[in-house]
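Take a look at the structure below.
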Amino acid sequence: MCKIASKTLSLNKQLIHLSLPLVVLSLLVISGPVAAKLEPSVSYQQTEYQLCAKQRVTKALLFDVVDVGVYYADCKQAADIFDDQPKLLRFSYLRDVTGDQFTEGADDFLRDNLPPQEKDKCLTYFNEFNTVYKDVTDGDYYDLFVLPEQGLDLYLNNQQLAQSDNSGCALPYLNIWFGEESMDSDFEELRDQIKALN
């Protein structure tokens, strides 16, 4: 009888051991972090930018990483993420991401996605621009203003990190997320949303 009880106890321990990872995983999926907020409008250089499309980016279908919003002064003017309209990309983070991860990812995708002529013109400049990224945590947000006739303007939590007047390299910078080698399929869905606006 003691042997049967001992075997039952051992079996119960094994079942608990096997089920623990599933319990932890379900808690991560169900509870998750609090969603960061994408404002319906953002004011910049005396222009009110309106939220026209948004997408949540996840990792391995389990972990929410960032909410991305694309803003235009007029959503009716949006045709494609690479159109010549001024736009804002807001990245509102739900988890910790290091500045080094930003820099390395941006450098890699630009190398992979830029055509040769844009590499020659912009890559050295982009490599310098990408060094300003900092660590973020849940609730932090980057604002990247893409101004085809002016350049790029980057903010973290309303604090300016970098500004450029290299207008010819403003739109090519979007290849980090929306190039042929996409960082995540969620960015492709976001681009499709913009195309479907009009």
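The values are calculated or read from the model by the stated rules, or taken from the named source; none is laboratory data. Keep in mind it's a predicted model, so treat the numbers as computed, not measured. We place every Cβ from the backbone using ideal geometry, glycine too, and count neighbours over all the protein chains shown.
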Give just the number: which of (1) touching an Asp or Glu at 6+ places or on another chain (Cβ under 8 Å); (2) under 18 Å from Glu48 (Cα atoms) does Arg95 not satisfy? (2)
Restricting the range 79-95 to residues that are under 16 Å from Leu152 (Cβ atoms) and aromatic (Phe, Trp, Tyr), which is surrounded by the most Cβ atoms within 10 Å (Cβ to Cβ)? Phe91
Can you name every residue in the range 78-102 that is within 19 Å of Thr58 (Cα to Cα) and touching a residue at least 12 places away in the same chain (Cβ under 8 Å)? Leu89, Arg90, Phe91, Ser92, Tyr93, Leu94, Arg95, Asp96, Val97, Thr98, Gly99, Phe102
For the range 96-125, how many residues meet the condition of being farther than 16 Å from Asn175 by Cβ and crowded, with 16+ Cβ neighbours inside 10 Å? 1
Taking the stated definitions as given, is Glu104 farther than 21 Å from Asn166 by Cα, in a helix (DSSP H, G or I) and out of contact with any Ser or Thr (no Cβ under 7 Å at 6 or more places or on another chain)? yes
Which condition breaks for Asn157 when tested against (1) on the phi > 0 side of the Ramachandran plot; (2) at pLDDT below 95? (2)
Conditions first: (1) of a type outside the set (Phe, Trp, Tyr); (2) over 13 Å from the mean Cα position of the chain (by Cα); (3) modelled with pLDDT of 95 or more. Asn127 passes all but one, so which condition is the exception? (3)
Can you name the residue in the range 185-198 that is among the aliphatic types (A, V, I, L, M) and in a helix (DSSP H, G or I) and, of all such residues, is nearest to Asp64 (Cα to Cα)? Leu190
